[in-house]
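The values are calculated or read from the model by the stated rules, or taken from the named source; none is laboratory data. From a predicted model like this one, the values you see are computed outputs, not experimental measurements. A quick note on method: Cβ atoms are made from the backbone with ideal geometry, for glycine too, and the neighbour counts reach across all protein chains shown. Accessible surface areas use protein heavy atoms only, side chains included; no ligands, DNA or RNA. Shrake-Rupley method; radii C 1.70, N 1.55, O 1.52, S 1.80 Å.
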Amino acid sequence: MSSTPQQNLIYQFGPFHLDTAEQTLSREGKPIALTAKAFQTLLVLVENSGHTVTKDDLLSKVWPDTFVEELTLAQNVSTVRKALDDDKSDSKYIQTVPRRGYRFVASVTQLDESHAQAPTKIPAKERQLHSDDTAGVSSRRREWKSSRLRWTIAIVALSVLAVAAGIYLFRVSTRNVDQDAQLRSIAILPFQPLTGGDGDEALQLGMADALITKLSNIKQIVVRPTSSILKYSNATQDPLAAGREQMVDSLLEGKVQRSGERIRITVQLIRVSDGKPLWADTFDETFTNIFAVQDSISQQVAQRLVAQLTGEEQRQLAKRYTDNTEAYQLYLKGRFFWNKFDEDGLNKAIDYFKQAIAIDRNYALAYAGLSVSYGVQGAIGVLPPAQTWTDAKWTAEKAVALDDSLAEGHSALGGLKLLYEWDWPAADRELKRAIELNPNYAEAHELSGYYYWVTGQLDTAISELRRAQELAPLSAIITLDVAQALYYQGCYDECLEMLAKARELDPDFLPGLFLPGQVYERKQMYANAINECESAIDKYGRQPQLVAALAFAYGTSGKRREAEALINELETSWRRHYFSPVNIALAHTALGNKDRAFFWLAKGVEARDPQMIWLRVEPQFESIHADQRFHALFQRMEKRANTTANE
C-alpha cells in the first residue's frame, strides 16, 4: 500500500481528479466508486506516472502483508480501467508492459490543496523570498478556477449525451445481468495448495465440500455433488476443461494454505462459456474465521448466479452446522475418507465423525455422515448388515431430530428404511422430504430411483435415475444405476451402451465389472458372459460378486462342473468373511438348486442384507419367482419391516 501522504494532494489527469486525503476518484465533479485496493492500485500508478511499475512492486505496495496472486492484481487493474473508461487495446491511461507490469501514460498535474487555504501572513522582509512561490500559487488558483468553469460548461453541454449514454449502459448492463442470470449450474473444484508442494488434502477437498453443501440449499442453482468432482483433487487439468466436462455454466476454483492458526484462501468464479472471471477475492484470516470466509464466498457466488434469493434460501445460505472449528476439522477429515468408498476409508470416516460429534453433540451433519458410513459398510460387505443397521438407524434419526430441514439427514434415513428395514412407505416419505428440501440433491434422487425399482415402478425409477444423472453426470455409480435399470427393463443393448460410459468414468468400480456378464448371459451370449467375468477376475481378484456372476454364466451355458466348483468356493469363503448370501443363492439358481437357493436367501433375511430388495426385479431369479417359498420370503421381509416400525 502506498504510504499515507503528508499533504492533501489532488492529482488531475484528463477529466479525472484523484483525492489522496478522501481516497476518492471523481470525474467532472462526480464521484466514481472504487474499492480500497483498486484506489490504492491507481494511486501507485499515478504517483509513478510515466514509469513502469512492476507487478511485484504493485503487489508489495497494495498488499504489503498479504500473499496474493497476480490474478488478483490483474482484476484490480481491470476494475480501474473500467472506472476510467480506458480501452486496454488503445489505452489513454494504463498501459500494460508485457511480462513486467503497468505504466500510467496520461499527463498528470499535481494540485496541493494545502496552498489553497487562507494565505499565511508573511513578514515583509520575507515577502520577496516568497513572491515567486506566491505568484505560482496564484497562477495555479486562476488555472484551477478557469478549469472548473470550463468543466461546468462541458457538463451542461454533455448532459444530453450523458442521458443517452446512461440509457445505452443500462441496456448493456441489463443484457449482462440477463446473460449471467442464465448461469444456473456450478461445479466447485477441490481446492489446491496455495504454494507448491504437498497440501492438506482433507482441508482442500473439505473446503469444496462445505461450499457444495451450502450452495446446494439454493433450489435455483444446480451444484455438482462432491462425488462428481473428486477426480480433480490431484489434477492439473485446465479448470475450463473441467467445467465443460462437468457440463456446467460456471465453476469455482480456489487455493488454500494453512499456517498455524492462519489460513489464506483465494477463489475465482468463472463463466465456462467464455472463461470470463465473474468474481475473485483473497482471504487472509485466522482459522477460527473459516466459517465467515465460507459464508462470504457462498454469498458472493449466489449473488452472481441468482437474481434474487428467497428468504428461506438466504437463511439456508447463512446456516452453520457447527460453530466449533475443531469439530469442523474432524468432520472435513471424515468426509475426505468417506469419499474413498472402501473399507479402510469408511473405518477412518466413522472414527472422525465420532470425534466431531464428541465435541459438538448437536452436529446434525456429522450424524448424517456417520449414518451413511455405517450403512455403506453393511451394503458393501465390510460387516454383516445386522451389525451396522442399529448404529445407522439411531444416527440418522438423531440427525433429523436435530435438524428437520437437513436433506442429508432425511436421505440417510430414507436409504436406511429402504435398504435395511424394507419399510417402503416410510422410505418413500423420507426420500420425498429430502428432495423437497433440496430438489437438486442427486443422491436423494438416486435412492428414490431404487425405491421405484423395488416397488415395480420401473418407468418412474428410470426417470428418477436420469434426473440424478443430470445432476451428477460424471458419477460412475449413478451412471451404472441407469444401466442397471435398463437391464431390469430388458433393454440390454442400451444397458451395454450405458455400461461403457460408466466404465469410462471409473474402470475399477466393481458393479460395473460383473453386470456386463449378466447382460450377455441374458442375451444368451454365454461365451461373451464367461469372458467378461473371467477377465474381471484376472484383473481384480476373486471378488464374490464376480465369482457368482461367473458361476451363473457357467451354469446356464451347461458347464455344471465348473459352476459347482465356484459355488463351493463361495460357500467356504462366506464362512470366513461375510458377503451378501444373495450371491451364493444366485449361483445355485443357475443349476436349478432351488432348496439351496432359498437356504441362502433366508440367511439374507436374517442379516437384513440390502441385496434382498432387488429379488423381484432381478431377471436371473425368474426361475424361482413362481415358487411359493419366494412369496413366503417377502412375507418374512414385510414382517420384519412391521416389527421394526413398532420397536
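Checking each residue in segment 31-60 for being within 42 Å of the chain's Cα centre (by Cα) and either closer than 11 Å to Phe104 by Cβ or part of a strand (DSSP E or B) (or both) picks out Pro31, Ile32, Thr41, Leu42, Leu43, Val44, Leu45, Val46, Thr52, Val53, Thr54.
Go through the residues of segment 475-490 one by one and say whether even a single one is more than 27 Å from Gly541 (Cα to Cα), in contact with a helix residue (DSSP H, G or I) (Cβ under 8 Å, 6 or more places away or on another chain), open to solvent by 50 Å² or more (accessible area, probe 1.4 Å) and not β-branched (Val, Ile, Thr). There is at least one residue in segment 475-490 that is more than 27 Å from Gly541 (Cα to Cα), in contact with a helix residue (DSSP H, G or I) (Cβ under 8 Å, 6 or more places away or on another chain), open to solvent by 50 Å² or more (accessible area, probe 1.4 Å) and not β-branched (Val, Ile, Thr).
Of the residues in segment 500-526, how many are over 20 Å from Tyr488 (Cβ atoms) and in contact (Cβ under 8 Å) with a residue 24 or more places away in the chain? Matching residues across segment 500-526 total 4.
Against the conditions (1) part of a helix (DSSP H, G or I); (2) closer than 22 Å to Lys340 by Cα, Asp508 satisfies every one except (1).
Residues of segment 510-532 include none that is of a type in the set (Ser, Thr, Tyr) and either surrounded by fewer than 17 Cβ atoms within 10 Å (Cβ to Cβ) or in contact with a strand residue (DSSP E or B) (Cβ under 9 Å, 6 or more places away or on another chain) (or both).
A single entry from Gly378, Gly369 fulfils the requirement of being open to solvent by less than 20 Å² (accessible area, probe 1.4 Å), assigned to a helix (DSSP H, G or I) and touching a residue at least 40 places away in the same chain (Cβ under 8 Å): Gly378. Leu18 passes every criterion in (1) modelled with pLDDT under 80; (2) within 43 Å of the chain's Cα centre (by Cα) apart from (1). Taking segment 534-647 as the region of interest, the helices (runs of 4 or more DSSP H) fully inside it that hold 3 or more residues being under 17 Å from Gly517 (Cα atoms), out of contact with any Cys (no Cβ under 9 Å at 6 or more places or on another chain) and not aliphatic (A, V, I, L, M) are 544-556, 582-590. Filtering segment 353-393 to residues that are over 22 Å from Arg608 (Cα atoms) and of a type in the set (D, E, K, R) leaves Lys354, Asp360, Arg361. Restricting the first member to segment 26-42 and to residues that are farther than 16 Å from Leu59 by Cβ and at pLDDT 80 or above, and the second to residues that are of a type in the set (D, E, K, R) and exposed (fewer than 15 other Cβ atoms within 10 Å of the Cβ), the beta-carbon pairs closer than 9 Å and six or more apart or on different chains are Arg27/Asp85; Gly29/Arg148.
The number of residues in segment 234-263 being among the hydrophobic types (A, V, I, L, M, F, W, C), within 20 Å of Pro193 (Cα to Cα) and within 14 Å of the chain's Cα centre (by Cα) comes to 3.
Is there any pair with a first residue in segment 437-449 that is under 16 Å from Gln220 (Cβ atoms) and a second that is open to solvent by 10 Å² or more (accessible area, probe 1.4 Å) and modelled with pLDDT under 95 whose Cβ atoms are under 7 Å apart and which are 6 or more apart or on different chains, and what are they? If the second residue must be open to solvent by 10 Å² or more (accessible area, probe 1.4 Å) and modelled with pLDDT under 95, the pairs left are Leu437/Ser405; Asn438/Ser216; Asn438/Asn217; Pro439/Lys219; Asn440/Ser216; Asn440/Lys219; Asn440/Val222; Tyr441/Ser216. Among the candidates Glu606, Glu562, the residue that is open to solvent by 20 Å² or more (accessible area, probe 1.4 Å), of a type in the set (D, E, K, R) and touching a residue at least 12 places away in the same chain (Cβ under 8 Å) is uniquely Glu606. If the condition is being polar (S, T, N, Q) and open to solvent by 70 Å² or more (accessible area, probe 1.4 Å), then segment 565-596 contributes only Asn568. Candidates Ala280, Ala307, Ala318: the one that is more than 25 Å from Leu402 (Cβ to Cβ) and under 19 Å from the mean Cα position of the chain (by Cα) is Ala280. When Ala386 is tested against (1) farther than 23 Å from Glu638 by Cβ; (2) in a helix (DSSP H, G or I), only condition (1) is not met.
With the structure loaded, tell me whether Gly345 is among the small types (Gly, Ala, Ser), within 25 Å of Asp506 (Cβ to Cβ) and in contact (Cβ under 8 Å) with a residue 40 or more places away in the chain or whether it fails that test. When the stated conditions are applied, Gly345 does not pass them. Of the numbered criteria (1) over 23 Å from Gly604 (Cα atoms); (2) open to solvent by 10 Å² or more (accessible area, probe 1.4 Å); (3) at pLDDT 95 or above, the one Gly409 fails is (2).
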